[in-house]
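What follows is one structure encoded as structure tokens, with my remarks underneath.
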Amino acid sequence: MDSTILRPIWARLFPRAWILILILFIILAGMRCYGLFGPPDTRMLVMLSFFLMWFLPFIFCSKAGMNAIGIHRIQQTRWLLWGVIIAALAALITYFIGYELYGFGADNWFISLRDSFEIDETLMQLPRSQLFLIYTIPAILFSPIGEEFFFRGMIHTSVEKHLGVRGATAVNAVAFGGVHLLHHGFHSTSTGLQFAWVSGSFWFMMMLLLSWFFTQCRLRSGSIWPAVVAHATFNLVSNATIFWVLL
């Protein structure tokens, strides 16, 4: 698939769909970066970037394009179950690797994620179960749908014709892993952004593997939805370890 995934108006402007997808990626990554490292009142840009990803296929993709990126009925429903099981295990393994290597130190990626929540003292007075739900419900709704539509859907499909399935899988994985370095790897200091080379590289490699697995869920099931469910499961179990073990 190439420009055929786009609506005619967009296909005329962008004969190669991947160019439009690259522009969208740069905009969305910029929003996430500024939301994470900019002034406190820009934090909502991160959530807004997830929310925008929900609508990108409906804005830019033709009916055939929507079908090509997997927004349709699941063909192999067993991948819903496999997605949940493997994603839950992946989240636990990710947690244990971080804890074994770095304990409760700043190089532990789940500690970085915990600190990024910026939970104030007022919220800390709430029961842990309520606090967990406040931060977890958005994490299992906004980012799984938005990121799967965009990374495993639009990015993968726009380059698959040129690079094949393996190449497209690599491209969407690198893009996915790259933006997640903003959550752990890069950190803001008084002298600007710094990069934690060792723990950041570990985190990047794990995000590559996770992206590969989400891609398999999409390709083997014939639909984007098992990837969405697997992604939501990973976030759910990750947040459970953060709020019930690390907080």
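Every number here is computed from the coordinates shown, using simple stated rules; none is lab data. Model, not experiment: these values are computed from the prediction. Note that we place each Cβ from the backbone using ideal geometry, even for glycine, and neighbour counts take in every protein chain shown.
Karplus couplings for the range 173-190 from phi (6.51 cos²θ - 1.76 cosθ + 1.60, θ = phi - 60°), rounded to Hz, Gly and Pro as x?
Each residue of the range 173-190 in turn: 5, 5, 5, 5, x, x, 5, 7, 5, 5, 8, 8, x, 7, 8, 8, 10, 5 Hz.
Angle, helix 17-37 long axis vs. longest principal axis of the chain, Cα atoms, 0 to 90°, nearest 10?
With rounding to tens, the tilt is 10 degrees.
What order do you get for Ile69, Ile9, Ile86 when you list them from fewest to most C-beta neighbours inside 10 Å?
With the fewest neighbours first, Ile69, Ile9, Ile86 line up as Ile9, Ile86, Ile69.
List every residue whose amide H lies under 5 Å from the amide H of Cys61, counting only residues 5 or more places away in sequence or on a different chain, with H placed 1.01 Å from N in the peptide plane.
For Cys61, whose amide H was placed from the backbone, the distant partners under 5 Å are Arg7.
Please rank Phe214, Phe25, fewest neighbouring Cβ atoms within 10 Å first, as an exposure proxy. Write down the numbers at each step before the final one.
Details: Phe214 30, Phe25 18.
The order, fewest Cβ neighbours first, is Phe25, Phe214.
Compute the long axis of helix 78-102 from its Cα atoms, compare it with the longest principal axis of the Cα atoms of the chain, and write down the angle in degrees, 0 to 90, nearest 10.
Rounded to the nearest ten degrees, it is 40.
When a footprinting reagent is the concern and you count Cβ atoms within 10 Å, what order do Glu160, Glu148, Glu118 take, fewest first?
On the way: Glu160 21, Glu148 28, Glu118 9.
Starting with the residue having the fewest Cβ neighbours, the order is Glu118, Glu160, Glu148.
Please give the FRET efficiency for Gln130 paired with Phe51, using the beta carbon to beta carbon distance and R0 = 35 Å, rounded to the nearest 0.05.
Calculated value: 0.90.
If contacts are Cα pairs under 8 angstrom and at least 6 residues apart, what is the relative contact order of the range 105-184 in percent?
This gives 32 percent for the range 105-184.
Would you mind putting 32-43, 136-147 in packing order, based on average other-beta-carbon counts within 10 Å, highest first?
Averaged packing, sorted descending, gives the order 136-147, 32-43.
Check Phe14: other-chain or 5+ apart residues with amide H under 5 Å from its amide H, H built from backbone geometry?
Sorted by chain and number, the residues that satisfy this come to none at all.
Given Cα pairs under 8 Å that are at least 6 residues apart, what percent is the relative contact order of the chain?
Rounded, it is 31 percent for the chain.
Can you tally the net charge around Asp115? Count Lys and Arg as +1, Asp and Glu as -1, for every other residue whose Cβ sits under 14 Å from the Cβ of Asp115.
Within the 14 Å Cβ shell, the charges total -1.
To test your reading of the geometry: what angle, between 0 and 90 degrees and rounded to tens, separates the Cα axis of helix 128-147 from the longest principal axis of the chain?
Taking the Cα atoms of the chain, the angle to 128-147 is about 20 degrees.
Two decimals, Cα atoms only, Kirkwood Rh: what is Rg/Rh over the range 74-246?
Taking Rg over the Kirkwood Rh, I get 0.99.
Express in nm, to one decimal, how much length is gained between Arg16 and Leu89 on full extension, taking 0.36 nm for each residue of separation and deducting their alpha carbon distance.
That works out to 22.5 nm of additional length.
Run the helix sum for the chain: -39,500 (n - 2.57) per DSSP H stretch of 4+ residues, divided by residue count, reported at 222 nm to the nearest 500 deg cm²/dmol.
Dividing the helical sum by the residues of the chain leaves -23500 deg cm²/dmol.
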